[in-house]
Amino acid sequence: MQGETEDQDEAMQIDGRPALRDPEDCAPYLGLQRGRIAVQALMSTFLDAGQMWAEEAATGRLLEGAYPHVQFRKFTTSEEARNGADWLWWWIDHTGTSFGMLVQAKILKRRGGGWHIDFGYRRRATQPTQVHRLFVTAEKFGVPAVYILYCGDRIYRAGLDCGSSVHPDGHCRERERAGVTILTAVVTDWLLPLAGATAAAKAFHESTPLEDIADPDRPQSFLRPLGKVSPEVSQFMLRPQDGARQVAKDLLEPVHRIRRSQFSAALLDRVESTDDALFHDLPADRGHFGVPYIPHILGGLRRTAPGYVENIILGRTPPAWVTDSVEGIVVIRLPR
Ligand SMILES: [Zn+2]
């Protein structure tokens, strides 16, 4: 099986990692790592057999592998009632601060000599695209729209060229842990007008290995605000964060980096948020993106998890407006 060596190498490197804290502190990280290794095995088996894996099967394997450090509840609502196969993920830390995100799974596909991810997919020509529907559902929950990308193994990605010259640690196609990555839809939506193959390779380049965003020891970037922001937001962007705030900051980082490369002045308008939002005064700047990107991403940060997440934790079924809108809910408790 072509992925076996890669998995073993990665597992050994992680086992030999000197700075690993108490395993309890790293539980969600280790869970997502196990899930990614399980997805990697699934993808490698399919590639070996000359076939492609399905998104649903990969998501099932990811959650199964990450359990019990990552909890999940799949809803059984009828297919017709449901809007899409998207999962709502909530990260909850020891302070109760929570971060939600609406996740859609996609496959990095090799097509001829190029690469493709069907972000603009629509079932019929008259229907809105899947990405449009993803943003509408994300808005309903007040959380960012996010993609999890299933990217095969390193042998599969060998011919990928993202076109970027910024690779301090080797080309991104050779990255470790990149079989399962994460990226906000703000970035993919911005990449969409590019030719298909370029958009897919660039999306891979900008994406982060999924387990990395749960690693409590990961390095953090210093995000210099573009315009005037409130003192709380400025502190959030400039200082190291932990728990749910750190996850939100990880998702904001690539968007902020791209925004800094766009030559347009930052809008100084502000956006008001909902009552339980962690930040109430966020800049409305959207740069060349389709939405004001800071409120879209940081809007997912709450002082406490919403009631429907409490329902899941207590073993109760959330209301129909929730179960009809998503495939299921993932709950990740971040230790101190
Ligand atoms: Zn790259």
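The values are calculated or read from the model by the stated rules, or taken from the named source; none is laboratory data. Computed from a predicted model, the values in this text were never measured in an experiment. Methodologically, a virtual Cβ is constructed for each residue, glycine included, from the backbone with ideal geometry; neighbour enumeration extends over all protein chains shown. SASA here: full protein model, heavy atoms, side chains in, ligands and nucleic acids out. Shrake-Rupley method; radii C 1.70, N 1.55, O 1.52, S 1.80 Å.
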Rounded to the nearest 10 Å², the accessible area of GLU232 using a 1.4 Å probe with every protein chain kept is 100
Given the range 98-235, report the % of alpha carbon pairs whose separation exceeds 18 Å. 61
Might you report the magnitude of the Cβ-based charge dipole of the chain about its Cα centre, with Lys and Arg at +1 and Asp and Glu at -1, to the nearest 20 debye? 800
Under the helix-only model (-39500 (n - 2.57) for each DSSP H run of 4 or more, divided by the residues of the chain), the mean residue ellipticity at 222 nm, to 500 deg cm²/dmol, is -10500 deg cm²/dmol
Kindly work out what percent of the DSSP beta bridges joining two residues of the chain are antiparallel, to the nearest 5. 65
How would TRP190, TRP115 rank on accessible area, largest to smallest, probe 1.4 Å? TRP190, TRP115
Can you give the accessible area of HIS296, probe radius 1.4 Å, in Å² rounded to 10? 30
If you roll a 1.4 Å probe over the range 75-334 with all protein chains in place, what percent of the accessible area is carbon or sulfur? 51
With all distinct Cα pairs included, what does the Kirkwood hydrodynamic radius of the range 191-336 come out to in Å, to one decimal, could you say? 17.3
In Å, the Kirkwood hydrodynamic radius of the chain over pairs of distinct alpha carbons? 20.4
By accessible area (1.4 Å), largest first, LEU192, LEU32 order as LEU192, LEU32
With a 1.4 Å probe and every protein chain left in place, tell me how much accessible area MET101 has, in Å² to the nearest 10. 0
Which order do ILE37, ILE258 take by accessible area at a 1.4 Å probe, largest first? ILE37, ILE258
Compute the accessible area per residue over the chain, keeping the other protein chains in place, probe 1.4 Å, unit Å². 45
